[in-house]
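Presented below is the structure to which this report refers.
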Amino acid sequence: MNTKILSDTTEDIATAAEIIAAGGLVAFPTETVYGLGADALNAEAVGKVYAAKGRPSDNPMIVHISSKDDLLKLTSAVTPDMEKLMEAFWPGPMTMIVPRLPVIPDTTTGGLSTVGVRMPDHPVALSLISGSGCPIAAPSANLSGKPSPTTAKDVVEDLDGRVDAVIESTDCRVGIESTVIDMTSDTPVILRPGILTAEDFEKVLGKTVELDPALNQRPDPFNNCDFKPKAPGMKYKHYAPKAPMVVFEGEEQAVRRAIAEEAASYTAAGKKVCTICFDSGQQRTAAHRFFAMLREADRDGADIILASALPEEGIGFSVMNRMLKSAGYNIRKV
Ligand code: TXA
Ligand code: MG
């Protein structure tokens with residue numbers, strides 16, 4: 001397949017919208033990461049997304065809309081809590097899991113009775129969705145298992161020849177995927193952490209928001225049969241760079257020293273080392289840069305990646321969720 005490289009002009013977005021409406025696949029920017037989009041109501045088109053990514057078909061897609069009213073076309077009941085969250089956080093990096101209407105094919109939801117819906121905060125994404133005239137199902141636009149793409153270059157590297165078009169646009173502002181919050185029971189539950197945190201939701205809802213207990217588990221990478229996260233996508237091997245990766249945990253200065261020593265010994269042995277060390281106060285920067293740095297390490301031909309853990313609170317918790325998966329839970333305590 002010949003992949004069209006499109007720009008983010010009105011004309012090119014219109015071309016991309018025609019491709020989606022005709023059942024094709026288009027990778028497009030959002031504020032979180034790049035998405036790989038297809039008409040969410042067209043089972044055949046959505047099937048092609050799974051194939052292009054090499055994604056297991058029981059892993060449901062997020063359905064992207066361009067106006068809050070569109071939620072009503074996808075779910076039977078919009079509760080007062082959902083209204084509050086939409087008002088506060090859409091457009092933005094929040095996906096709500098809601099009961100689905102039959103109009104959404106099983107292929108889109110991996111056969112679940114619920115659907116994840118999000119209104120992205122990116123002008124290109126919004127005009128692509130409204131121009132297509134349909135909601136757009138879109139997972140992150142990476143090959144399954146690889147780090148999520150935050151630049152057009154990342155997307156082209158993974159998907160050139162596998163999709164109809166890629167819209168090249170600016171780098172993604174947030175850098176990690178949306179927070180997924182399950183709104184199907186009275187107490188909302190976060191299934192995937194993001195830059196919007198439980199505290200952000202609690203402030204708006206005036207009630208407790210829980211975390212899926214699987215988010216606090218560190219599965220044994222060789223025997224993860226007890227690990228049953230509620231978002232199917234959270235159970236797969238994820239975000240893996242080519243090089244092996246070690247996450248150093250402990251007091252900040254001690255971690256820095258340990259990484260510097262280890263890096264020096266790898267370098268002395270002729271190995272190419274990539275280090276990922278964010279200041280503990282720079283959580284947004286960490287979210288923005290983390291996947292991009294994994295991709296840079298791959299491009300530079302790194303032999304080993306040494307990363308320092310962030311404090312697991314607020315956005316730091318969300319970045320650590322990705323970092324530990326990228327490293328296959330290969331943790332060094334110092
Ligand atoms: O920021 C994002 O959310 C990006 C951009 C493109 O919008 N999309 C994204 O999609 O990250 P994806 O497919 O890579 O991740 C979707 C996650 C998976 O963990 C999936 O299992 C979960 O959301 N999910 C989707 N629908 C669900 C449902 N009905 N119930 C539970 N989990 C669901
Ligand atoms: Mg993904």
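Restricting attention to the stretch 293-334, the residues that are farther than 23 Å from T267 by Cβ, buried (at least 21 other Cβ atoms within 10 Å of the Cβ) and small (G, A, S) add up to 2.
The condition of being surrounded by fewer than 21 Cβ atoms within 10 Å (Cβ to Cβ) and under 16 Å from K230 (Cα atoms) holds for only one of P105, P99, that being P99.
Of all residues in the stretch 40-69, exactly one satisfies the criterion of being charged (D, E, K, R), within 15 Å of ligand 1 (Cβ to nearest atom) and modelled with pLDDT of 95 or more, namely K48.
P149 satisfies every condition listed in (1) surrounded by fewer than 24 Cβ atoms within 10 Å (Cβ to Cβ); (2) near ligand 1 (Cβ under 10 Å from one of its atoms) except (1). Before we move on, is P193 more than 16 Å from G35 (Cβ to Cβ) and touching a Phe, Trp or Tyr at 6+ places or on another chain (Cβ under 8 Å)? Yes, satisfied. Of the candidates S130, S140, the single residue that is open to solvent by 10 Å² or more (accessible area, probe 1.4 Å) and near ligand 1 (Cβ under 9 Å from one of its atoms) is S140. Looking at the stretch 249-282 only, could you name the residues that are open to solvent by less than 80 Å² (accessible area, probe 1.4 Å) and in contact with an Asp or Glu (Cβ under 8 Å, 6 or more places away or on another chain)? Passing the criteria: V255, Y266, V273, C274, S280. Among strands (runs of 3 or more DSSP E) entirely within the stretch 1-64, having at least 1 residues that are within 21 Å of T75 (Cβ to Cβ), of a type outside the set (D, E) and open to solvent by 20 Å² or more (accessible area, probe 1.4 Å) singles out 62-64. Scanning the stretch 100-112 turns up at least one residue that is closer than 16 Å to A77 by Cα and within 8 Å of ligand 1 (Cβ to nearest atom). What are the residue pairs meeting all of these: first residue in the stretch 258-279, first residue within 19 Å of L324 (Cα to Cα) and in contact (Cβ under 8 Å) with a residue 24 or more places away in the chain, second residue among the hydroxyl-bearing types (S, T, Y) and part of a helix (DSSP H, G or I), Cβ atoms under 6 Å, and 6 or more apart or on different chains? Every condition considered, the pairs that remain are V273/Y266; V273/T267. The set of residues in the stretch 164-214 being without any contact (Cβ under 8 Å) to a residue 24 or more places away in the chain, away from ligand 1 (no atom under 13 Å from the Cβ) and crowded, with 16+ Cβ neighbours inside 10 Å consists of A198 alone.
The set of residues in the stretch 120-152 being among the aliphatic types (A, V, I, L, M) and either in contact with a strand residue (DSSP E or B) (Cβ under 7 Å, 6 or more places away or on another chain) or within 16 Å of ligand 2 (Cβ to nearest atom) (or both) consists of V124, A125, L128, I129, I136, A137, A138, A141, L143, A152. Among helices (runs of 4 or more DSSP H) entirely within the stretch 83-187, having at least 1 residues that are touching a Ser or Thr at 6+ places or on another chain (Cβ under 7 Å) singles out 123-132, 152-159.
The values are calculated or read from the model by the stated rules, or taken from the named source; none is laboratory data. Source: prediction; values computed, not measured. Glycine gets a Cβ as well: all are built from the backbone with ideal geometry, and neighbour counts include every protein chain shown. Accessible surface is based on the protein model in full, side chains and every heavy atom, while ligands, DNA and RNA are left aside. Shrake-Rupley method; radii C 1.70, N 1.55, O 1.52, S 1.80 Å.
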